[in-house]
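Taken together, the values in this text are just the output of simple stated rules run on the coordinates, not laboratory data. From a predicted model like this one, the values you see are computed outputs, not experimental measurements. Here Cβ is always computed from backbone atoms with ideal geometry, including for glycine, and neighbour counts include all displayed protein chains.
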C-alpha cells in the first residue's frame with residue numbers, strides 16, 4: 001500500500017509522524033510524497049490554537065475530496081485534533097475512515113490497512129503510552145544533518161489557556177540512557193545538529209527523580225563527538241536553572257540559544273494565566289543568562305488578547321520586549337475555547353483589539369530584530385549549509401547556531417560553493433529584519 005503523510009504543527013508532532021512512518025515502512029508499506037498515487041492518506045493534526053485547528057480541518061476536507069476521486073482510498077486522521085474534540089469531530093467528518101488520538105499512534109499500521117476489527121475511533125488516554133519505543137524504526141523527514149530528539153512528553157503544568165495536558169497527558173521523561181542511545185545513533189547516521197524538544201524541555205528528569213535532569217543530559221550529549229550543535233527548544237522560565245545555563249556556557253557543542261516562552265509580562269495577566277512567575281522573575285532570568293553566557297541568543301513566545309488584558313497590560317508587554325530586546329520572538333493571538341479554564345474569565349478582548357495589539361507587537365519586534373542583526377555586519381560566522389535557494393537570486397542558504405530551522409531567519413550566501421550539511425565560514429555583508437546575507441570566506 002502506498003501512503004501519503006501530512007504532518008501539521010510543531011516539531012514534536014513531526015517526531016510522532018516520523019515514528020509512525022517507521023512503523024508503516026516496517027510493515028511493508030511504501031511512503032509517497034504524491035497524494036495522487038497514494039492508496040491512503042494520514043493527516044497528523046494540531047489543535048493548540050484556532051489557526052492550527054482551522055488548518056487541520058482544511059487539510060482533512062481537502063484530503064476528503066481526494067478520497068472521493070477513487071474507490072478504495074482510505075483517510076486516517078491522527079493526533080491532537082481528534083484527541084481534543086472527540087465525538088463532535090468524528091460526527092462532523094464521516095469521510096474519515098479512522099481517527100487515532102495521541103495515545104494511539106502505535107495503531108497506525110492497523111488504521112492504514114484496515115485491520116482494526118472495524119474500529120473507527122481509538123482515543124485512549126494519552127498518558128498510557130510510552131514516550132517513544134526505541135525498538136521500532138523511525139523514518140526521519142528532516143535534512144540528513146538535522147534531527148529532532150523528543151526527550152519528554154506531556155505537561156504537568158496548569159496554565160489556564162493551554163490544552164496540552166488534556167492532549168498529551170502529564171509530563172513523562174524518557175530514561176536518560178534511552179535518549180543518549182538515540183542521540184548516538186543519530187550522530188552515527190550523519191546528524192550534526194540535534195534539537196531537543198518536549199512540551200517543557202527544562203523539566204526533563206524531574207519525574208524520574210534525577211534533579212537537574214536537563215543539565216546532566218546536556219553534559220552527556222556534549223560528549224558525543226559526531227554532534228556539532230545541540231540546541232534546546234521549549235524551555236520554561238520556572239525550570240531554567242543555573243546548572244542548565246552554566247552547562248550550556250561550558251560546552252561549545254551546546255548552542256547558546258535559549259528558547260523560553262514567557263507568554264506575557266503583566267503580573268495580573270500572568271496570574272490569570274496560571275503562571276507562577278512575575279515580570280521581575282522574567283527580567284532577572286534573562287539578565288542572569290546574559291551574565292553567565294555573554295553570547296546568549298534569546299528567543300521567546302508571547303500571547304496577546306488574553307481575557308482581561310487592558311491597554312496597560314499590553315504596554316507592560318511592549319516595555320518588556322524593549323528592555324530585553326529578544327533576538328527572536330514569536331507571538332500568537334489568544335484563542336478562546338470552551339474546554340479551556342480561561343474561557344470562564346471575564347472581560348474577553350474584542351477580536352479587532354487582539355489583532356491591533358498583535359500587529360503593534362510584531363512591528364516593534366521587527367524593528368528590534370533589524371537593529372540586533374546589524375551587529376553581525378562585518379563579522380565572520382560559522383554557517384551550516386542547508387542547500388541552494390530556489391526562491392531568490394542567492395546561490396546558497398544556511399543557518400548559524402543562533403538560528404533554529406523553520407522558526408528563525410536564514411543566512412543567504414551570494415558567493416562561494418558548499419554542499420548541504422557542511423559547515424563554512426561566512427562574512428556577513430548585509431543584515432535585515434530576520435535574515436543575514438554574506439559570502440563564504
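Below, the figures for the structure above:
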{"quantity": "For the stretch 191-206 and the stretch 29-79, distance of Cα centres in Å", "calculated": "29 Å"}
{"quantity": "The chain, helix-only ellipticity at 222 nm - DSSP H runs n ≥ 4, -39,500 (n - 2.57), divided by all residues, nearest 500", "calculated": "-10500 deg cm²/dmol"}
{"quantity": "Protection proxy ranking, peptides 416-425, 252-261, average beta carbon neighbours within 10 Å, highest first", "calculated": "252-261, 416-425"}
{"quantity": "Sorted peptide list for 9-21, 119-131, criterion being average Cβ within 10 angstrom, highest first", "calculated": "9-21, 119-131"}
{"quantity": "Relative contact order, percent, the chain [alpha-carbon distance under 8 Å, six or more residues apart]", "calculated": "9 percent"}
{"quantity": "Percent RCO, i.e. relative contact order, over the stretch 313-441, from Cα pairs under 8 Å lying at least 6 residues apart", "calculated": "22 percent"}
{"quantity": "Rounded to 5, percent antiparallel among DSSP beta bridges of the chain", "calculated": "30 percent"}
{"quantity": "Projected label distance in nm at residue 429 and residue 55, using a 7 Å step from Cα toward the beta-carbon", "calculated": "3.4 nm"}
{"quantity": "Contact order normalised by residue count of the stretch 45-126, Cα under 8 Å, 6+ apart, percent", "calculated": "26 percent"}
{"quantity": "Tensor-based shape of the stretch 233-290 (alpha-carbon gyration tensor, a/c under 1.5 rounded, otherwise prolate or oblate)", "calculated": "prolate"}
{"quantity": "Alpha-carbon centroids, the stretch 7-25 and the stretch 218-242: separation in whole Å", "calculated": "22 Å"}
{"quantity": "Cα gyration tensor category, rounded, prolate or oblate, for the stretch 377-440 with a/c compared to 1.5", "calculated": "rounded"}
{"quantity": "Which of 437, 96, 230 has the fewest Cβ neighbours within 10 Å, and the rest in rising order", "calculated": "437, 96, 230"}
{"quantity": "Packing rank of 106-114, 348-356, where each peptide gets the mean count of other beta carbons within 10 Å, highest leading", "calculated": "106-114, 348-356"}
{"quantity": "Whole-Å distance, taken between Cα centres, linking the stretch 111-154 and the stretch 364-431", "calculated": "34 Å"}
{"quantity": "Of all DSSP beta bridges in the stretch 284-441, antiparallel share, percent nearest 5", "calculated": "65 percent"}
